[in-house]
Structures are given as structure tokens and as C-alpha cells.
Amino acid sequence: MADYVKARRRRRSREDWIIDIVVYFLAAVIFVICLYPFWLSIVLAFNEGKDARVGGIYFWPRKFTLDNFKNLIEDPAWGKALIITFSRTVLGTTLTVLFTTLVAYGLSFANLAGRKVYMTMLIIAMYFSGGIIPYFMVLRNLHLINNFLVYIIPSMFNIFYCMVAISSFQGIPSELGESARLDGAAEATIFARIILPISKPMLATIAIFTAVGQWNSWYDCAFFTQNKELRTMGYLLMAIINKSSLNAQSMDAYAASASASTVTTMSVQLAAMIVAVGPILVVYPFFQRYIVSGITIGAVKG
């Protein structure tokens, strides 16, 4: 084997080496171009705001400070938004995974009565919707407008994830469930103790995508809540990006604080962006190994 590798290395021509060098160089350049803006945002978020206006900061903070994050957390609007966002992410992800997999497990049985009808309804609903106005009217009739549950209940069941879960459950040998039934196990026990433990890649995939969607969501907050107590991080970030400034109430809070002399609107915006993106970046690597296998296992079969 070693001789084969050495012989193959000898056969590499000068053109091969040049192409490899060019490819690696371009890959490194693209990596730096994509990574540096985010790194610079982190650097500026940990630098004094007024000092950052002077410029000349490229790779690390010139005047390190946590005042930007302190002002962000102490601002009532951002503090409440962080709590709301965290709550909807944890609760919404848990319930979405639970209810989606429950429905998918039932539909994974080929002998289920009316299965073709249910599958047809799901496919139609996945590709066609009634539009924003009928959707708003349904939420209003359910008394979900200006209600925290508007972030949770409509997303408790996801059709696309259900299709992925159905294919994943169908790939599990039916003999496992049959042997458990012969031993007297109930269907709920089979689902909780046999099916779910061996479906971890699929569950992790659904969980991470749902969590990212819940954490970054701003659409439902903008259209279905007028209550400022229910604002999310995604909505506030979108608002300050569109307005390019913080609201007057927040500015008054910053001016009244002792550390307001070092804080600027831009520095707080960057701190808010880091707080919003940071948790996803921290959690994602731990689930990355499940995502590819989860999507592959749950691929829709022809």
C-alpha cells in the first residue's frame, strides 16, 4: 500500500501541483472573505463604540469592553425579547419534534386506514396555502393574535419534516415493533422506547432546523403581534437594521446610563447580532454529524 501511494505521488505532474495550489489558494481566499466580516463584527462588538468610529480596527479590539452587551441586556426591550426568543425556541422545537413525529409514525404504517387520503391532503397542503389573509383570520378566530402561543401552535406540525420522518420510520425493520407487541408492549411504549432512540439522527436534524427557524423568526412577530411585550430578537434586529438606529426609548436609556459615553448605536447593533447568532453557532457543531445522516436516512423514497 505504501509503495502504491509513493508511485502515485511520483506520477503527479507539475500541472497537477499548480492546479492544487491554485485551488487551495482560492479556497483560502473565499474562506477569509466569508469569515472576516463576521469576525470584524465580533471585534467591534467587544470594542468601545466611540473608539470604533475612529477606525483602524481590523483583527482584535483596541479598547476591550463589555458595555455594549451590558447596555443590550439592561435595555428592557432587548431583555424581554431575549427571554421570549429563548422560550419560543425551546418550547416550539420540543413540541414540533413531538407532534410531527407522532403523526409521521402513524402514517408510516402501510395498512393504516385512509392513509392515501391523509398523504394526499398533506402533499396538497405542503405545496398550496390559503394566503396570509385567511391564515390571519384563522389565527384571530383561535384567539392567537397578540398571544405568545402564536409562535408555538401554528408550527407544532411541519409537513415537510413529517415526510422526512415517515420515510425514516419506514426504514426501521417492522420486526422490532412486532416483537414488542407480542411481549405486550403498548404502541406508545414502542414509539418512545424503540422507535425514537434509533431515530436520533432524524430527530436531531428536525430539531436543529426547527430551532434555527424559531430563533431567527421575525415574520410572525411582525404580522401577528402588536404587543411590545412579545417582541422577539429577530424582529428587533430587523427593525434596527431597517431604521439604521435604535428607537428613541432605547436611546434615552443609553444616554441615562453611566457608560453611555462609550456606547454607540452601531456597537449595540453588533452586540445584538452576536447575541442572536452566537447560540446557533455554538449548538450547530454538536448536531452537525447528525444532519447529513438524518437527511439521508429520511430521504423521500421513490
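How about the stretch 130-166: which chymotrypsin sites (Phe, Trp or Tyr not before Pro) there lie in a loop by DSSP and see at most 11 other Cβ atoms within 10 Å?
Counting only loop positions with at most 11 other Cβ atoms within 10 Å, none of the chymotrypsin sites (Phe, Trp or Tyr not before Pro) in the stretch 130-166 qualifies.
Kindly report the accessible area of the stretch 102-189 per residue (heavy atoms of protein chains, probe 1.4 Å, no ligands, DNA or RNA), in Å².
That works out to 63 Å² per residue.
If the chain between Arg181 and Ile280 were fully stretched, how many nm would it gain, using 0.36 nm times the residue separation less the Cα-Cα distance?
So the extension gain works out to 31.6 nm.
Can you list the aspartates and glutamates whose alpha carbon sits under 15 Å from that of Lys228, skipping same-chain ones fewer than 8 residues off?
Asp75, Asp220
Which sequence of Asp183, Asp16, Asp51 reflects their accessible areas, 1.4 Å probe, from the largest down?
Descending accessible area places them as Asp183, Asp16, Asp51.
Okay, which of the stretch 153-172 sit inside 16 Å, backbone N to the point 7 Å along the Cα-Cβ direction of Ile198?
166-172
Sorted by accessible area with a 1.4 angstrom probe, largest first, how do Leu66, Leu44 fall?
Descending order: Leu66, Leu44.
Give, rounded to the nearest 20 debye, the magnitude of the charge dipole that the stretch 1-147 has about its Cα centre when Lys and Arg contribute +1 at Cβ and Asp and Glu contribute -1 at Cβ.
For this selection, approximately 520 debye.
Calculate, for Ala110 and Leu149, the FRET efficiency according to 1/(1 + (r/R0)^6) with r their C-beta to C-beta distance and R0 30 Å; round to the nearest 0.05.
The calculated FRET efficiency here is 0.30.
How much accessible surface area, in Å² rounded to 10, belongs to the heavy atoms of Trp218 with a 1.4 Å probe?
For Trp218, solvent-accessible area is about 90 Å².
Roughly to the nearest percent, how much of the accessible area of the stretch 103-219 is carbon and sulfur, given a 1.4 Å probe?
Of all accessible area on the stretch 103-219, carbon and sulfur atoms account for 67 percent.
Leaving ligands and nucleic acids out of the surface, order Tyr24, Tyr36 by accessible area at 1.4 Å, largest first.
Correct descending sequence by accessible area is Tyr24, Tyr36.
The values are calculated or read from the model by the stated rules, or taken from the named source; none is laboratory data. None of the values given here were measured: they were computed from a predicted structure. Positions of Cβ are generated from backbone atoms using ideal geometry, with glycine treated the same way; all protein chains shown enter the neighbour counts. For the accessible areas, the whole protein counts, side chains as well, though only heavy atoms, and no ligand, DNA or RNA atoms are used. Shrake-Rupley method; radii C 1.70, N 1.55, O 1.52, S 1.80 Å.
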